[in-house]
Amino acid sequence: MAITISTRRGPLRKTCPVESAEAVEPPDGGPHARAGGGPSGPAAVGAGGTRTERAGAGETRTGEARTGDRPDLRYAAYARERLAAMPPPADPEAFELAYSLLQLAYLLVTDLETRIHRPRGWTLAGFRLMFKLWLLGPTQPARLAEISTMSRSAMTNAVNTLERDGLVERRPVPDDRRAVEIALTARGETAVREAFAEQTRREREWFSPLEAEERAGLTGLLTRILAARPDDAP
């Protein structure tokens, strides 16, 4: 493309390249990504991590509800675009799924611990142990460790902490005097009921963006992943 610029010394003719599409600016203002929508097709992540999709002559911004003003989500969108331009073993889809699961798990655990469990003097792991005892009744430590995917030493430490605070107790097994069971105390059962009610309310807040059918579908997908996890995983 040629343009003419008027100067004091007369007209100056200059040839400029024509860009085929808008460049994509990463959220941190770093190097520009590819033009033409990037390797992910017609969609591209623009400044602020907003995904733009071309629809005929116009454009629609579909990522606003996805990322909003969340810096962690803007970063995830940018990272996915960068990975999409890399050769294998880079896998942008696997990254985005794993990142979202890990980020959600981290934020959810942190929120529940900070808001509900730490003020009561225990961790979320401690609550989950007491919750199992509330549902199952007295249970042997080995069984608790198995269903909690915890080592026996970690289980012993957790039980010791809860026992010290008067929330659980060790009882002899009637048919095997050498074995013991872990059971909730009356104080522990009251504490679990109260914390469970508060946690349920908070969980509903977290999952409120999803309809009932969406929640059921997501639960089914996560259960499928858990059931098919690698054999050498915990």
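Things worth noting here:
- Residue count for the stretch 196-234, restricted to those that are free of Cβ contacts under 8 Å to residues at least 40 places away in the same chain and among the aromatic types (Phe, Trp, Tyr): 1
- Boolean, ALA195 is within 26 Å of HIS117 (Cβ to Cβ), touching a His at 6+ places or on another chain (Cβ under 9 Å) and either surrounded by 12 or more Cβ atoms within 10 Å (Cβ to Cβ) or outside the structural domain of ILE116 (by TED's automatic domain parsing) (or both): yes
- Condition broken by THR110, with the remaining ones in (1) within 16 Å of THR200 (Cα to Cα); (2) of a type outside the set (D, E, K, R); (3) in contact (Cβ under 8 Å) with a residue 60 or more places away in the chain satisfied: (3)
- Here LEU97, LEU133 are screened, and the one residue that is over 18 Å from TRP206 (Cβ atoms), out of contact with any strand residue (DSSP E or B) (no Cβ under 7 Å at 6 or more places or on another chain) and at pLDDT 95 or above is LEU97.
- The helices (runs of 4 or more DSSP H) located wholly in the stretch 68-144 that include 2 or more residues which are acidic (Asp, Glu) and surrounded by 15 or more Cβ atoms within 10 Å (Cβ to Cβ) occupy 92-112.
- Scan of the stretch 145-173 for residues that are of a type outside the set (Val, Ile, Thr) and either assigned to a loop (DSSP other than H, G, I, E, B) or at positive phi (or both), ordered by number: SER148, MET150, SER151, ASP165, GLY166, LEU167
- For the stretch 158-178, the candidate set comprises residues that are farther than 21 Å from LEU135 by Cβ and surrounded by 11 or more Cβ atoms within 10 Å (Cβ to Cβ); within that set, the residue that is modelled with the highest pLDDT is ASN160.
- Here THR123 clears all of (1) in contact with a His (Cβ under 8 Å, 6 or more places away or on another chain); (2) touching a residue at least 40 places away in the same chain (Cβ under 8 Å) except the condition numbered (2).
- Residues that are among the polar types (S, T, N, Q), touching a residue at least 60 places away in the same chain (Cβ under 8 Å) and outside any helix (DSSP H, G or I) are absent from the stretch 174-195 altogether.
- Filter pass, LEU210 being farther than 27 Å from GLY121 by Cα, of a type in the set (A, V, I, L, M) and part of a loop (DSSP other than H, G, I, E, B): yes
The values are calculated or read from the model by the stated rules, or taken from the named source; none is laboratory data. The model shown is predicted, which means the values in this text are computed figures rather than measured ones. Positions of Cβ are generated from backbone atoms using ideal geometry, with glycine treated the same way; all protein chains shown enter the neighbour counts.
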